[in-house]
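A.B. asks: Sharing a structure with you now.
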Amino acid sequence: QVQLVESGGGLVQAGGSLRLSCAASGFTFRDYPMGWFRQAPGKEREFVAAISWNSGTILYADSVKGRFTISRDNEKNTLYLQMNSLNSEDTADYFCARRRTGSWGAIPSYDYWGQGTQGTVSS
């Protein structure tokens, strides 16, 4: 069965960095675009970044552009999110997801989700 398992979250001071990983199994990872979303306490889940199967297309939310970098290793079946210059507004649960079809930034476009990893930025 399809499984997505995030890791790498934690507590970091403002201005610091975190690197999230998403280990994929149960499907042919290299065939699918993937995305990262986040959900802050009391807020709706929002798009963070997405990447095509061959890394030829990469998209970011305006709020993270220039600070976050999405990447993938198709040999290792793993998706990454490098997060730099973190601030308190980046505090959230971060989710990776497999994109099936539709708009890159829309939640319904993604059919499988991980359980999430928590990132907390202290000021």
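The values are calculated or read from the model by the stated rules, or taken from the named source; none is laboratory data. As the structure is a prediction and not an experimental result, all values here were calculated from the model. Glycine also receives a Cβ, built like all others from the backbone with ideal geometry; neighbour counts cover every protein chain displayed. Keep in mind that these areas ignore ligands, DNA and RNA; they rest on the heavy atoms of the full protein, side chains included. Shrake-Rupley method; radii C 1.70, N 1.55, O 1.52, S 1.80 Å.
A.B. asks: Tell me, which residue of region 106-123 that is part of a strand (DSSP E or B) and under 30 Å from GLY15 (Cβ atoms) is most open to solvent (accessible area, probe 1.4 Å)?
C.D. replies: Per the criteria, the residue is GLN118.
A.B. asks: Quick one: is SER103 modelled with pLDDT under 95, in a loop (DSSP other than H, G, I, E, B) and at negative phi?
C.D. replies: Answer is yes for this residue.
A.B. asks: Restricting to region 1-17, and then to whatever is open to solvent by 30 Å² or more (accessible area, probe 1.4 Å) and under 14 Å from the mean Cα position of the chain (by Cα), can you tell me which residue is nearest to GLY102 (Cα to Cα)?
C.D. replies: Here the answer is VAL5.
A.B. asks: Report yes if some residue within region 60-69 is modelled with pLDDT under 95, out of contact with any strand residue (DSSP E or B) (no Cβ under 8 Å at 6 or more places or on another chain), exposed (fewer than 13 other Cβ atoms within 10 Å of the Cβ) and over 15 Å from VAL12 (Cα atoms); otherwise report no.
C.D. replies: no
A.B. asks: Next question. If I ask for residues that are open to solvent by 20 Å² or more (accessible area, probe 1.4 Å), in contact (Cβ under 8 Å) with a residue 24 or more places away in the chain and either more than 20 Å from ALA106 (Cα to Cα) or hydroxyl-bearing (Ser, Thr, Tyr) (or both), which ones from region 18-44 would you list?
C.D. replies: Residues satisfying the conditions are LEU18, ARG19, SER21, ALA23, SER25, GLY26, PHE27, ARG30, TYR32.
A.B. asks: If you don't mind, another one. Is at least one residue of region 97-117 over 16 Å from GLN39 (Cα atoms), of a type in the set (A, V, I, L, M) and under 15 Å from the mean Cα position of the chain (by Cα)?
C.D. replies: Within region 97-117, not a single residue is over 16 Å from GLN39 (Cα atoms), of a type in the set (A, V, I, L, M) and under 15 Å from the mean Cα position of the chain (by Cα).
A.B. asks: Note down all Cβ pairs under 8 Å where the first residue falls in region 45-56 and is open to solvent by 60 Å² or more (accessible area, probe 1.4 Å), the second is in a strand (DSSP E or B), and they're at least six residues apart or on different chains.
C.D. replies: Cβ pairs passing all conditions: ARG45/PHE37; ARG45/ARG38; ARG45/GLN39; ARG45/PHE95; GLU46/PHE37; GLU46/ARG38; GLU46/GLN39.
A.B. asks: With the requirement that a residue be in a loop (DSSP other than H, G, I, E, B) and open to solvent by less than 40 Å² (accessible area, probe 1.4 Å), what does region 70-100 give you?
C.D. replies: Hits for region 70-100 are ASN74, LEU86, THR91.
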